[in-house]
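Heads up: the structure comes next, in structure tokens.
The values are calculated or read from the model by the stated rules, or taken from the named source; none is laboratory data. Quantities reported herein were computed from a predicted structural model and do not represent experimental measurements. Reconstructed Cβ throughout: ideal geometry from the backbone, glycine too, with neighbour counts over all protein chains shown.
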Ligand SMILES: [Fe+2]
């Protein structure tokens, strides 16, 4: 076979390094638990839901550092017991970045399930960007050492805040 590049998507061109640019956020597997058509909401936490409250904030940027305005981010993750809702939309929701590229997700810290470290899934895309499917991770998580999907460039900055956690992560498309 000599046509090894013809089946690559056109978005591969965006991976060309740019002077003084930021590194692209790496893509990761969507896994088996994505559900389309999620509700639009920034708060996934529901009354009586078990789990440590978590606030995640950050920005979606182009690799020249400019904000991606109106990018869609679709988040989903397991509940406090490590279980996904594969019937409804519990702990699933999409939102759009504001005029500075900010997003804000209120939720709970996901529980653990077999063979994986702690993580949040997200799919995102701006109007003129690639579609990024990736995952976000916690530092100091013992399972990071052996999880085969984990990548250190996807670690959030996490601090304890009263009864909950506050985390930050910026994406570069
Ligand atoms: Fe997962």
Item to complete: Check 85, 98 and return the single one that is within 13 Å of the ligand (Cβ to nearest atom) and surrounded by fewer than 22 Cβ atoms within 10 Å (Cβ to Cβ).
Response: 85
Worksheet item: Between residues in the range 132-155 that are loosely packed, with under 10 Cβ neighbours inside 10 Å and residues that are part of a helix (DSSP H, G or I), which pairs lie under 8 Å by C-beta distance while being six or more apart or on different chains?
Response: 152/144
Response to the item:
Taking the range 84-99 and keeping only residues that are under 18 Å from the mean Cα position of the chain (by Cα) and over 19 Å from residue 47 (Cα atoms), one is left with 94, 95, 96, 97, 98
Worksheet item: Of all residues in the range 108-130, which are within 15 Å of the ligand (Cβ to nearest atom) and not in a strand (DSSP E or B)?
Response: 109, 110, 111, 112, 113, 114, 115, 116, 117, 118
Item to complete: Could you tell me which numbered condition residue 164 fails, if it satisfies all but one of (1) surrounded by 14 or more Cβ atoms within 10 Å (Cβ to Cβ); (2) modelled with pLDDT of 95 or more; (3) closer than 24 Å to residue 23 by Cα; (4) more than 16 Å from the ligand (Cβ to nearest atom)?
Response: (3)
Item to complete: Pairs only if they're at least six apart or on different chains, beta carbon under 9 angstrom, first in the range 110-121 and modelled with pLDDT of 95 or more, second assigned to a strand (DSSP E or B) and near the ligand (Cβ under 10 Å from one of its atoms); list them, first residue then second.
Response: 110/119; 110/120; 119/135; 120/76; 120/135; 121/76; 121/135
